[in-house]
1. Tell me whether the range 70-83 contains one or more residues that are closer than 19 Å to Leu34 by Cα and acidic (Asp, Glu).
2. Give the number of residues within the range 17-54 that are hydroxyl-bearing (Ser, Thr, Tyr) and at pLDDT 95 or above.
3. Anything in the range 51-78 that is over 14 Å from the mean Cα position of the chain (by Cα) and hydroxyl-bearing (Ser, Thr, Tyr)? List them, or say none.
4. For the subset of the range 84-126 comprising residues that are in a helix (DSSP H, G or I) and in contact (Cβ under 8 Å) with a residue 40 or more places away in the chain, which member is farthest from Lys36 (Cα to Cα)?
5. All but one of (1) at pLDDT 90 or above; (2) part of a helix (DSSP H, G or I); (3) farther than 18 Å from Lys85 by Cα hold for Leu11; which doesn't?
6. For Val45, are the conditions met, namely being surrounded by 14 or more Cβ atoms within 10 Å (Cβ to Cβ) and more than 21 Å from the chain's Cα centre (by Cα)?
7. If the Cβ limit is 9 Å and pairs must be 6+ apart or interchain, which residue in the range 60-78 that is exposed (fewer than 14 other Cβ atoms within 10 Å of the Cβ) pairs with which residue that is at pLDDT 95 or above?
8. Which one of these does Thr109 not meet: (1) on the phi < 0 side of the Ramachandran plot; (2) at pLDDT 85 or above?
Amino acid sequence: MKLALLGRQALMGVMAVALVAGMSAKSFADEGLLNKVKERGTLLVGLEGTYPPFSFQGDDGKLTGFEVDFAEALAKHLGVKASLKPTKWDGMLASLDSKRIDVVINQVTISDVRKKKYDFSTPYTVSGVQALVKKGNEGTIKTAADLQGKKVGVGWGLTMKSGYVNMFRAWISVLMTMILQNTRICA
């Protein structure tokens, strides 16, 4: 049990380092944007604010969560304050395009189309397929075959295929980093 917890903590540490490296000042492809952020003294951060534990409203009504903490750490790294801009998902990338926000710190699936337009950090989370059933039906769906003849709802517009490819790449990257950090290499 403790070993599994330590493994998760090590993995989260590696992922956090990779994220900070990916989201450093070098990630601002347009130096003009970085200068504008520094002159303004604030980094305008788009996030949903509705998805615990990533970003959500705490009991005190303030935004909290991993993405909020990261946004504040990134802003501090840049020498500015974070200005959190809760944004509905369907307008998130449009807000970035129209420069209402400087950066999106929110779960965004990396796709080839999006990579042509946006600069992504190293992924810090990977979402997989989730199944929900009505309370009381918990044991009725155990395999894909159990879905035969049933109505199934799926998220519209999800990029699952590229998500799985990115999930595989992210885990390989993290795994290789962990192996290289814990292995003596003889040449």
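1. We begin by selecting, within the range 70-83, every residue closer than 19 Å to Leu34 by Cα; these are 70-83.
Subset that is acidic (Asp, Glu): 72.
Within the range 70-83 (the criterion being closer than 19 Å to Leu34 by Cα and acidic (Asp, Glu)), the answer is yes, since at least one residue qualifies.
2. Restricting attention to the range 17-54, the residues satisfying the condition of being hydroxyl-bearing (Ser, Thr, Tyr) are 24, 27, 42, 50-51.
Restricting the remaining residues to those that are at pLDDT 95 or above gives 42.
Qualifying residue count for the region: 1.
3. The answer is Thr64, and nothing else.
4. First pass over the range 84-126, keeping only residues in a helix (DSSP H, G or I): 89-97, 112-117.
When the remaining residues are screened for being in contact (Cβ under 8 Å) with a residue 40 or more places away in the chain, the result is 89, 92, 95-96, 112.
Details: Trp89: 25, Met92: 20, Ser95: 17, Leu96: 15, Asp112: 28 Å.
Here the residue is Asp112.
5. All conditions are met except number (1).
6. No, not satisfied.
7. Qualifying pairs under 9 Å: Lys62/Val68; Lys76/Ala82.
8. Thr109 satisfies all of (1) on the phi < 0 side of the Ramachandran plot; (2) at pLDDT 85 or above except (2).
The values are calculated or read from the model by the stated rules, or taken from the named source; none is laboratory data. None of the values given here were measured: they were computed from a predicted structure. Cβ coordinates were reconstructed from backbone atoms using ideal geometry, including for glycine residues, and neighbour counts include every protein chain displayed.
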